[in-house]
Amino acid sequence: MWRLNAVRHKAGRQGSDLEEFKFKRREHEKELRRARKDSQLVSKRLLLNDDEEEDGTMDTLASDRVLGPCITTTVRDEDSIWAFHFSSLSFPYVLRQPNSIAILVTNLCGPNPQCRLEAARCLHELSHSPHSEVDSLRLRQATPYLITFLSGQSPKFTELCLYTLGNMCPDSENVRDMLLAQGIIPALNNCIQIHRTNLAVVEAVGFTLSQLISANYVTGTIIPAVLASGLIPRLLSVLTPDSQFGLGPVIECAWCLHYLACSNVDNGALVAQGTLLHCTSLLVTLGVAVAKGSIEEGIELLIWPLLRCVGNLLLSGPLGALQPQLNDSRLLAALCAFPQAFLQTHPALARESIWVLNNLTDSSVFCSALFYLNLVPALIQLLPFSHGINIMVLRVLGNIAHQGREYCLHLAQAGLLPALCATLKMADTEVVTFSLEVLGQLMASDPQLAEEFVRQSGLPVLEAIQYSNQETIRLRATHLLEHHLPPHCTVRTLP
Amino acid sequence: MLQPELIQLLTASDLVDLRIDAIPKLQVGFRPGCFFSSSRSQDGEAKLTFIPQQILLNKDHELFEDGDIHRHLYLQNLSTCPAYDSPTARQCEFRCYISGCSQVFSTVEDYEHHYNTLHRHVCSSCQRSLPSARLLDIHIQEWHDSLFSILAERQDMCLVEGCGSKFRTRDQRKDHMIKIHKYPSDFMFDKVKRIKNIKIAKKNMLQKGTSMEVSMSVSEPEGVCEVLSDQPEEEEYMEINHSLEPGILDPASNPINTVELSTDHDTAPILSVTIQPTTNQQRPQHNRERHSYRVPRTVCFGQGSVQGFRGHGRRI
């Protein structure tokens, strides 16, 4: 099980009823989708206290703690006596006190290690709190110190600082600019170097970095700074899953790489630093694991960002130039294996896997390899499925057919023509359009294929499409009937 | 779940050469003058426009939505649910592309059955669909062939495949088919009647004093809305006098299931199914044939009210 049990959202699992949980989860998912449409999709993480972690049950009010005598001592020195009780109810009270954040910061930098830890925990909970009275503006007083402490040696303390900063990143562009100016990126680089053996801290670094670069309206300076900082090789070195610790750190680093690649700021630099090579070899490793049947819980969270990263990096240059980094033919097998394995559980992942294949099959080398490894039948079997899967598969098949006559003949041998007869009847007009395009390529490449299509009773299907009220498919069907059928076929085309 | 070949590929031993550049490359290119010249039509407009295209997806692309949601559910610790009800892949549906039909089916077989029943072997003159090419030929000959209709001696063919007998009258053919080919006497030889409201038909039957079987037909789709003609009584009389046979209904999967009544003295086409024309297509001029019996002839809305409607039951 992941260590990630320790890092939870405060909502957690309230209510022991599974149905209630599932209902809440569905509602939550709807909210997230709405948020994404409004470009407001952010998440924050809460690091649980160690004793709560052992406890195992999640109670939102369990974070009731009284700060130790250090705080009250300090306060008493200033002639006011009050103690911090940290539950979500007390935040407004806490913040209404004058200089409350300043007091926390003082303790953060103070000599007492226990006070430091407690103060960091308070700040962390404040950063995570959704309470409207928590003003990140006031939390900003703490950030220079938090950033400084990232180069410290204490893992637990560093982890708290990291998650606090990570929670603050999505708040506003000003916050991010400020963090950048205060040197968060070199600090992260340093931190991951110092704590490279402590995977919990590495995970926290990955999370914070992903929050920094994935927030909306990321300024033009953040990503170039990351690319130039030397963080990339360190992220790449994390990309070997540790079987004991779990997938958490790798997942965070992979999402960082995805956000960097899809921003398309300087993908050439990413490739030059070895990103494509590392991501593809990890995908192959995961493909092998999937083939052996050992599908870990949450493996899709790792496959997803890797696919996206590879898919976008394939456009960073001509495929011929990238080929040395793509030389393992098992990558193609893995890209065909993921849709089969995840079709029923995560169809979107299947679709993205085939999207990567689309970007790869722009080159005849990879098309030839698909035939050599006999992977085309696996693709053809995906044609009945919607969710955009069949459209993406048709794109791949179109790419292959476009290469030439040999490729078309091989496609027909793999059984494409009967499959096209079925896709031509589908309800989605886009599917029919793509099917007609692919069919056109096949029939034009060799008259044998046109005859084979007629033998498969494909003619009536084309004739039926002529009666459609969708012009795109009507024109294409008519064109195919007029120009590409064998001469002996009687064709009934509409005037 | 995974095909054995894929498993083998991925778990292959190190001895196998897995390098892409070791794989032989197939020859690229088409025969000269083969494809690209003919992909354009005579007016020079490209009809087939597909070209390979690498696709770059940015962070907010809609294709990435499900993955992002999954990621954030994980960050918020809501993804570890034992019975995760995620979206599953759906099989594509099939649609009939004949203009105006637009029915949707969940399997290819359903679609093909629909197409074969309604859109194959269609008579282009009267939009009727016949079960086979042979019956279509016979229908065209008997109904739309002007030369045939003026022959001194009719030559109605026997309907059974392989029997070439010809007859001078419909009744002779019918007798032949019953006697020789052992067809049931209530087979749909001639007229078929479409009756919307069984109550009306029975009422009419009682009025006219004939007893016969009545067949109910399935409700017609929207779009066929005919006003009753001015003299419904006479027509009904004529119709009832003809023999009524239970219609051969289409399979239940097809909701378009109407059989036509011809008011001509000629008999209706055999086993024919009328394709309901939609507003897109022109309607054949058979106004008198399509009666909607949805509105009952006489309805009493309480004491003292007019029995029946003003006018002749115009359908609302």
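Restricting to segment B:113-133, name every residue that is under 11 Å from the mean Cα position of the chain (by Cα) and more than 8 Å from chain A (Cβ to nearest Cβ).
From segment B:113-133, those under 11 Å from the mean Cα position of the chain (by Cα) are B:113-120, B:122, B:128-129; that's our starting set.
Passing the criteria: B:His113, B:His114, B:Asn116, B:Thr117, B:Leu118, B:Val122, B:Arg128, B:Ser129.
Looking at A:Leu335, A:Leu326 in this structure, which one is in contact with a Ser or Thr (Cβ under 7 Å, 6 or more places away or on another chain), open to solvent by less than 10 Å² (accessible area, probe 1.4 Å), farther than 25 Å from A:Pro224 by Cβ and at the interface with chain B (Cβ under 10 Å from one of its Cβ atoms)? Show your work before the answer.
Values: A:Leu335 fails: at the interface with chain B (Cβ under 10 Å from one of its Cβ atoms).
A:Leu326 is the lone residue from the list that is in contact with a Ser or Thr (Cβ under 7 Å, 6 or more places away or on another chain), open to solvent by less than 10 Å² (accessible area, probe 1.4 Å), farther than 25 Å from A:Pro224 by Cβ and at the interface with chain B (Cβ under 10 Å from one of its Cβ atoms).
Within segment A:191-217, being out of contact with any helix residue (DSSP H, G or I) (no Cβ under 7 Å at 6 or more places or on another chain) and not hydroxyl-bearing (Ser, Thr, Tyr) holds for A:Ile194, A:Asn216.
Can you find a residue that is surrounded by 14 or more Cβ atoms within 10 Å (Cβ to Cβ) and in contact with a Gly (Cβ under 6 Å, 6 or more places away or on another chain) anywhere in segment A:208-224? Among the residues of segment A:208-224, at least one is surrounded by 14 or more Cβ atoms within 10 Å (Cβ to Cβ) and in contact with a Gly (Cβ under 6 Å, 6 or more places away or on another chain), which makes the answer yes. Looking only at segment B:71-104, count every residue that is modelled with pLDDT of 85 or more and either among the hydroxyl-bearing types (Ser, Thr, Tyr) or open to solvent by 30 Å² or more (accessible area, probe 1.4 Å) (or both) and tell me the total. Residues in segment B:71-104 being modelled with pLDDT of 85 or more and either among the hydroxyl-bearing types (Ser, Thr, Tyr) or open to solvent by 30 Å² or more (accessible area, probe 1.4 Å) (or both): 2 in total.
Inside segment B:124-159, residues that are over 22 Å from A:Ser457 (Cβ atoms) and open to solvent by less than 60 Å² (accessible area, probe 1.4 Å) make up a count of 12. For segment B:22-43, what are the residues that are modelled with pLDDT under 85 and open to solvent by 40 Å² or more (accessible area, probe 1.4 Å)? Correct list: B:Phe30, B:Arg31, B:Pro32, B:Gly33, B:Phe36, B:Ser37, B:Arg40, B:Gln42, B:Asp43. Taking the criterion of being over 14 Å from B:Asn116 (Cα atoms) and either among the small types (Gly, Ala, Ser) or open to solvent by less than 10 Å² (accessible area, probe 1.4 Å) (or both), the residues of segment A:459-474 that qualify are A:Leu462, A:Ile465, A:Gln466, A:Ser468, A:Ile473. Residues in segment B:53-62 that are under 14 Å from A:Lys37 (Cα atoms) and more than 7 Å from chain A (Cβ to nearest Cβ): 2 in all. Quick one: what pairs do we get from segment A:363-386, first residue among the aliphatic types (A, V, I, L, M), second not in a helix (DSSP H, G or I), C-beta under 7 Å, 6+ apart or different chains? Cβ pairs passing all conditions: A:Val365/B:Lys25; A:Ala369/A:Ser329; A:Ala369/B:Ile23; A:Leu373/A:Ser329; A:Val376/A:Ala414; A:Ala378/B:Gln3; A:Ile380/A:Ala414; A:Ile380/A:Gly415.
To keep it simple, each residue is scored yes or no on (1) away from chain B (no Cβ under 11 Å); (2) closer than 16 Å to A:Asp242 by Cα; (3) touching a residue at least 60 places away in the same chain (Cβ under 8 Å); (4) not in a loop (DSSP other than H, G, I, E, B).
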site	(1), (2), (3), (4)
A:Gly287	no, no, no, yes
A:Val290	no, no, no, yes
A:Gly293	no, no, no, no
A:Glu296	yes, yes, no, no
A:Trp304	no, no, no, yes
A:Asn312	no, no, no, yes
A:Ser316	no, no, no, no
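Against the numbered list (1) within 30 Å of B:Val16 (Cα to Cα); (2) part of a helix (DSSP H, G or I); (3) more than 7 Å from chain B (Cβ to nearest Cβ), A:Asn359 comes up short only at (3). Within segment A:239-249, the only residue that satisfies the criterion of being within 13 Å of chain B (Cβ to nearest Cβ) and surrounded by 24 or more Cβ atoms within 10 Å (Cβ to Cβ) is A:Gly248.
May I ask you to verify whether A:Ala254 is small (Gly, Ala, Ser) and at pLDDT 95 or above? It would help to see each step written out before you state the result.
Working: small (Gly, Ala, Ser): yes; at pLDDT 95 or above: yes.
It is true that A:Ala254 is small (Gly, Ala, Ser) and at pLDDT 95 or above.
When A:Arg492 is tested against (1) modelled with pLDDT of 85 or more; (2) open to solvent by 10 Å² or more (accessible area, probe 1.4 Å), just one condition goes unmet, and that condition is (1).
Restricting to segment A:352-389, and then to whatever is within 22 Å of the chain's Cα centre (by Cα) and under 18 Å from A:Val432 (Cα atoms), can you tell me which residue is most open to solvent (accessible area, probe 1.4 Å)? Can you show your working first?
First, pick out the residues of segment A:352-389 that are within 22 Å of the chain's Cα centre (by Cα): A:352-360, A:386-389.
This time we only want the ones that are under 18 Å from A:Val432 (Cα atoms), so: A:386-389.
Working: A:Ser386: 13, A:His387: 51, A:Gly388: 29, A:Ile389: 0 Å².
For segment A:352-389, the residue satisfying everything is A:His387.
A quick yes/no check of all residues on (1) in contact with a Phe, Trp or Tyr (Cβ under 7 Å, 6 or more places away or on another chain); (2) within 22 Å of A:Gln193 (Cα to Cα); (3) among the β-branched types (Val, Ile, Thr):
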| position | (1), (2), (3) |
| --- | --- |
| A:Arg234 | no, yes, no |
| A:Glu252 | yes, yes, no |
| A:Trp255 | no, yes, no |
| A:Leu260 | no, yes, no |
| A:Thr275 | no, yes, yes |
| A:Ser294 | no, no, no |
| A:Leu302 | no, no, no |
| A:Pro305 | yes, no, no |
| A:Val310 | no, no, yes |
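If you filter segment A:270-323 down to residues that are open to solvent by 60 Å² or more (accessible area, probe 1.4 Å) and of a type in the set (Val, Ile, Thr), you find that the one that is farthest from A:Ala341 (Cα to Cα) is A:Thr285.
Residues in segment A:338-349 that are within 17 Å of B:Gln3 (Cβ to Cβ), at the interface with chain B (Cβ under 7 Å from one of its Cβ atoms) and touching a residue at least 24 places away in the same chain (Cβ under 8 Å): A:Gln340, A:Ala341, A:Leu343.
The residue that is surrounded by the most Cβ atoms within 10 Å (Cβ to Cβ), counting only those in segment A:23-48 that are more than 10 Å from every other protein chain (Cβ to nearest Cβ) and touching a residue at least 12 places away in the same chain (Cβ under 8 Å), is A:Leu47.
Within segment A:372-392, work out how many residues are part of a helix (DSSP H, G or I) and either at the interface with chain B (Cβ under 7 Å from one of its Cβ atoms) or under 23 Å from A:His258 (Cα atoms) (or both). Please lay out each step first, then the result.
Pass one, segment A:372-392, residues part of a helix (DSSP H, G or I): A:372, A:376-380, A:389-392.
Applying the additional criterion that residues be either at the interface with chain B (Cβ under 7 Å from one of its Cβ atoms) or under 23 Å from A:His258 (Cα atoms) (or both) yields A:372, A:378, A:389-390, A:392.
Going through segment A:372-392 one residue at a time, the tally reaches 5.
The values are calculated or read from the model by the stated rules, or taken from the named source; none is laboratory data. What you see is a predicted model, and the numbers here were worked out from it, not measured in a lab. Heads up, the Cβs are rebuilt from the backbone with ideal geometry, glycines too, and the neighbour counts pull from every protein chain shown. Each accessible area value is taken on the protein alone, full model and side chains, heavy atoms only, with ligands, DNA and RNA left out. Shrake-Rupley method; radii C 1.70, N 1.55, O 1.52, S 1.80 Å.
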